[in-house]
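Below is one structure; the comments refer to it alone.
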Amino acid sequence: MTGARSVRVCGVGELAVGEARRVDVDGTAVCVARCAGGFRAVADVCSHEDFSLSEGEVDPDACEIECWKHGSMFSLVTGEPVTLPATRPVAVYPVTVDGDDVIVSVP
């Protein structure tokens, strides 16, 4: 990812499977979530309305997050909405784990 900024957002042990948190990466609000298969990161703003996705419930097995306000589910893998009312995807950001560090890259 050319021009991307990579930032340590948390330690591996700081997020349990099924948890999400909002982090700021160079002014970009990012939702970092831990699914059964590892860490994922998406834009922390629902594409339906301006609400924080990190405040929603994570389905760790399906690797999806639900917007707490209107119930739209989003894939944490692709950013695509899985249920209405959202119809537009949210941005997905690469996540790497280096030792105990969870690192997110944003453009």
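Annotations for the structure displayed:
- Within the range 54-79, tally of residues that are assigned to a loop (DSSP other than H, G, I, E, B), charged (D, E, K, R) and touching a strand residue (DSSP E or B) at 6+ places or on another chain (Cβ under 7 Å): 1
- Qualifying position, being closer than 13 Å to SER105 by Cα and crowded, with 17+ Cβ neighbours inside 10 Å, among VAL58, VAL25: VAL25
- Test for ARG40: is it of a type in the set (Lys, Arg) and either crowded, with 16+ Cβ neighbours inside 10 Å or more than 14 Å from the chain's Cα centre (by Cα) (or both): yes
- Criterion violated by THR83 - all others in (1) in contact with a Lys or Arg (Cβ under 7 Å, 6 or more places away or on another chain); (2) more than 22 Å from ARG5 (Cα to Cα); (3) of a type in the set (S, T, N, Q); (4) without any contact (Cβ under 8 Å) to a residue 40 or more places away in the chain satisfied: (1)
- With respect to the stated conditions, VAL12 is of a type in the set (Val, Ile, Thr), surrounded by 14 or more Cβ atoms within 10 Å (Cβ to Cβ), out of contact with any helix residue (DSSP H, G or I) (no Cβ under 9 Å at 6 or more places or on another chain) and on the phi < 0 side of the Ramachandran plot.
- Residues in the range 41-59 include at least one that is out of contact with any Pro (no Cβ under 6 Å at 6 or more places or on another chain), more than 22 Å from ALA4 (Cβ to Cβ) and among the hydroxyl-bearing types (Ser, Thr, Tyr).
- Given (1) modelled with pLDDT under 95; (2) not in a loop (DSSP other than H, G, I, E, B), index of the condition CYS10 fails: (1)
The values are calculated or read from the model by the stated rules, or taken from the named source; none is laboratory data. Bear in mind that the values here come from a model prediction, so they are computed numbers and not experimental data. Ideal geometry is used to build each Cβ from the backbone, glycine not excepted, and the neighbour counts take in all protein chains shown.
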